[in-house]
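Just so you know, all these numbers are worked out from the coordinates, no wet-lab data involved. Since the model is a prediction, treat every value here as computed from it, not as a measurement. Because the Cβ atoms are built from the backbone with ideal geometry, glycine has one as well, and the counts that use them run over all protein chains shown.
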Amino acid sequence: MLGEALDGVQNTGYLRCIAHIRKLLPNLPPHIVNQRLIFMYILLTTALAAREAAFEADVGGGKLWSSPDALENLIASITGMLTAPFPN
């Protein structure tokens, strides 16, 4: 789906970011990093779509997104997901 949206045009900034994340996770098997990057993408797109919908429904963003810590907590959650040790 993302490939279709880009229609063959590479998003070099996105690819550089993904490469950088991979370098920060050298202790994880590559296939686990791949899975976590997919989970990250799903979580981010879903959470940010929910945030946008909340602000469309309520100028203040509703109970969840009106919190000044909401975005920081989302970032911390994704960071934890990416960096969690892989259970052997």
Send over the Kirkwood Rh of the chain, from the inverse of the averaged 1/r over different Cα pairs, rounded to one decimal Å.
15.0
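Grab the other residues whose beta carbon is less than 13 angstrom from that of residue 30, score K and R as +1, D and E as -1, and report the net.
Neighbour charge sum, excluding residue 30 itself: +3.
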